[in-house]
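The values are calculated or read from the model by the stated rules, or taken from the named source; none is laboratory data. Source: prediction; values computed, not measured. We place every Cβ from the backbone using ideal geometry, glycine too, and count neighbours over all the protein chains shown.
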Amino acid sequence: MPGCGKSTVGRHLARQLGLRFLDSDHEIERHIGQPIRVFFEQQGEAAFRAVEQDVIDSLTRQQGCVLATGGGAVLRPSNRDALHSRCHVFYLRATPEELHRRLRHDTQRPLLQVEDPLKRLRELYRERDPLYRRTAHFVVESARPSVPGMLSMVLMQLEMAGFVDPSQVPSTIDKTAPPPTEA
């Protein structure tokens, strides 16, 4: 869902594991040469989802990275299949009410530029939660934990599943380090 912490946690996870961080929304903007919001307004959601599908297909074929996708990436079956079959997918789950608290002043997300954003978040959640659960290998509750707390939960799941060598992951998360910057 929008605002659940995908990009923030993804950046920290990539840094912690020494991997590249990729954000599908940023890659889409680079591909279309304009902000998603503008493209969305001019071309509509269907055109945006088609571009998103191509970008997700390309990004999920890359190795050695942490990928944060846009919240609507799961709407297309091909995206769900690519993500589930090629990646270790985490669903950072938060309630619509918590997401509204985080996003109430956001003016950049096209789907939330409506009269009642909370109502819209509830609709999106009803539609997408089952798709996120089907796509994900892991579900992490992201309602109130701090970024270091969510990062620890993700790393623990990866370690328990045998995807990360525990000796390669620091036993403590560096809470004093500045957040990673985007390249």
- Item | Residues located in segment 100-124, provided they are closer than 28 Å to Ser58 by Cβ and modelled with pLDDT of 80 or more | Leu124
- Within segment 115-140, how many residues are exposed (fewer than 15 other Cβ atoms within 10 Å of the Cβ) and of a type in the set (D, E, K, R)? 8
- Message: So the check is Cβ under 9 Å with 6+ separation or different chains; which pairs have a first residue in segment 133-157 that's more than 22 Å from Gly72 (Cα to Cα) and a second one that's surrounded by fewer than 18 Cβ atoms within 10 Å (Cβ to Cβ) and aromatic (Phe, Trp, Tyr)?
- Response: Met153/Phe138; Gln157/Phe138; Gln157/Phe163
- Output the residues belonging to segment 45-86 that are among the hydrophobic types (A, V, I, L, M, F, W, C), surrounded by fewer than 20 Cβ atoms within 10 Å (Cβ to Cβ) and within 24 Å of His12 (Cβ to Cβ). Cys65
- Query: Could you give every pair whose Cβ atoms fall below 7 Å, whose first residue belongs to segment 62-78 and is in contact (Cβ under 8 Å) with a residue 60 or more places away in the chain and within 17 Å of His137 (Cα to Cα), and whose second residue is surrounded by 15 or more Cβ atoms within 10 Å (Cβ to Cβ) and among the acidic types (Asp, Glu), counting only separations of at least 6 or pairs across chains?
  - Reply: Ala68/Asp23
- Which fully enclosed strands (runs of 3 or more DSSP E) of segment 10-125 have 3 or more residues being touching a Leu at 6+ places or on another chain (Cβ under 7 Å) and at positive phi? none
